[in-house]
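The structure appears below as structure tokens.
The values are calculated or read from the model by the stated rules, or taken from the named source; none is laboratory data. Quick caveat: nothing in here was measured; it's all calculated off a predicted structure. Cβ coordinates were reconstructed from backbone atoms using ideal geometry, including for glycine residues, and neighbour counts include every protein chain displayed. These accessible areas exclude ligands, DNA and RNA; they are computed on the full protein's heavy atoms, side chains included. Shrake-Rupley method; radii C 1.70, N 1.55, O 1.52, S 1.80 Å.
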Amino acid sequence: MSLIDKFGRKITYLRMSVTDRCDFRCVYCMAEDMSFVPRSQLLSLEELSTVARCFSELGVNKIRVTGGEPLIRKDIGLLFEQMGQMPGLTELNLSTNGSHLDQYSEGLAKAGVNRINVSLDSLDKTRFKSLTRTGDLDKVLAGIQAAKAAGFKRIKLNAVIMKNRNADEVVDLVNYALAEELDISFIEE
């Protein structure tokens, strides 16, 4: 059985948000004082695993786990372990701000995560803090190194480029990506 959209295209890719919470408050993404969905209204990890399995059985072979920041979800490693064992799933990917990659990279690799996308909008500590309001650039860079050390070959940076904020860092970000053998995508606000 396959999922087919109204244009006759086979659906093989699912993006699954596991939380709306994040430990950053990026200026282009969240207000400083956010109100979040009550935890009681979020699907449990077991329910998320069931949803992923159902989609996998319907022909989805690629799942990207997103948030907010997925790695702040309590016991998130269990969900990755469950999804990594699903037959028919050929890609299990993660989008993250990188703030917790240093502690999760090895477990993610063992669970079967194939690719990681990391948000990185600046290589300047002061500017990074200003753009994220709460982020620590050193933690994100350490997370990227931890992901590389865990064996991830497919790490991509996503940089939101904003006029008068960080547009002057495009070349620096490209040079960093080249030096670290990472892919990079630029996103215009």
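Would you pick out the residues in segment 50-70 that are part of a helix (DSSP H, G or I) and within 20 Å of residue 27 (Cα to Cα)?
Within segment 50-70, just 70 meets the criteria.
Could you please tell me which pairs satisfy a Cβ distance under 6 Å, a separation of 6+ or placement on different chains, a first residue in segment 78-101 that is free of Cβ contacts under 8 Å to residues at least 40 places away in the same chain and of a type in the set (A, V, I, L, M), and a second residue that is surrounded by fewer than 20 Cβ atoms within 10 Å (Cβ to Cβ) and in a helix (DSSP H, G or I)?
The qualifying pairs are 78/45; 86/53; 86/56; 89/56; 92/84.
Mind telling me which of the residues 73, 53 ends up being touching a residue at least 40 places away in the same chain (Cβ under 8 Å) and crowded, with 16+ Cβ neighbours inside 10 Å?
Of 73, 53, the one residue that is touching a residue at least 40 places away in the same chain (Cβ under 8 Å) and crowded, with 16+ Cβ neighbours inside 10 Å is 73.
Just for segment 136-189: of the residues that are part of a helix (DSSP H, G or I), open to solvent by 30 Å² or more (accessible area, probe 1.4 Å) and in contact with a strand residue (DSSP E or B) (Cβ under 9 Å, 6 or more places away or on another chain), which one is farthest from residue 108 (Cα to Cα)?
Looking at residues that are part of a helix (DSSP H, G or I), open to solvent by 30 Å² or more (accessible area, probe 1.4 Å) and in contact with a strand residue (DSSP E or B) (Cβ under 9 Å, 6 or more places away or on another chain), I get 167.
With the checklist (1) within 20 Å of residue 116 (Cβ to Cβ); (2) in contact with a Phe, Trp or Tyr (Cβ under 9 Å, 6 or more places away or on another chain) in hand, flag the one item residue 78 doesn't pass.
Against the list (1) within 20 Å of residue 116 (Cβ to Cβ); (2) in contact with a Phe, Trp or Tyr (Cβ under 9 Å, 6 or more places away or on another chain), residue 78 comes up short only on (2).
Only one of (1) in contact with a helix residue (DSSP H, G or I) (Cβ under 8 Å, 6 or more places away or on another chain); (2) surrounded by fewer than 17 Cβ atoms within 10 Å (Cβ to Cβ); (3) modelled with pLDDT of 95 or more is not met by residue 87, so which one is it?
Unmet condition: (3).
State which residue is least open to solvent (accessible area, probe 1.4 Å) when the search covers only segment 1-34 and only residues that are among the polar types (S, T, N, Q) and at pLDDT 90 or above.
Per the criteria, the residue is 19.
Looking only at segment 98-110, count how many residues are open to solvent by 10 Å² or more (accessible area, probe 1.4 Å) and not aromatic (Phe, Trp, Tyr).
7
Would it be correct to say that residue 161 is of a type in the set (Val, Ile, Thr), under 14 Å from residue 95 (Cβ atoms) and within 19 Å of the chain's Cα centre (by Cα)?
Here the answer is no, as residue 161 does not meet what is asked.
Kindly indicate the residue of segment 1-57 that is among the hydroxyl-bearing types (Ser, Thr, Tyr) and within 30 Å of residue 165 (Cβ to Cβ) and also farthest from the chain's Cα centre (by Cα) among those meeting that condition.
Going through the qualifying residues, I end up with 35.
Collect the residues in segment 93-128 that are among the aliphatic types (A, V, I, L, M) and within 16 Å of residue 153 (Cα to Cα), keeping them in residue-number order.
94, 101, 108, 109, 111, 113, 116, 118
Taking the stated definitions as given, is residue 108 aliphatic (A, V, I, L, M), over 20 Å from residue 47 (Cβ atoms) and part of a helix (DSSP H, G or I)?
yes
Among the residues of segment 35-50, which ones are under 29 Å from residue 9 (Cα atoms), of a type outside the set (A, V, I, L, M) and open to solvent by less than 50 Å² (accessible area, probe 1.4 Å)?
Passing the criteria: only 49.
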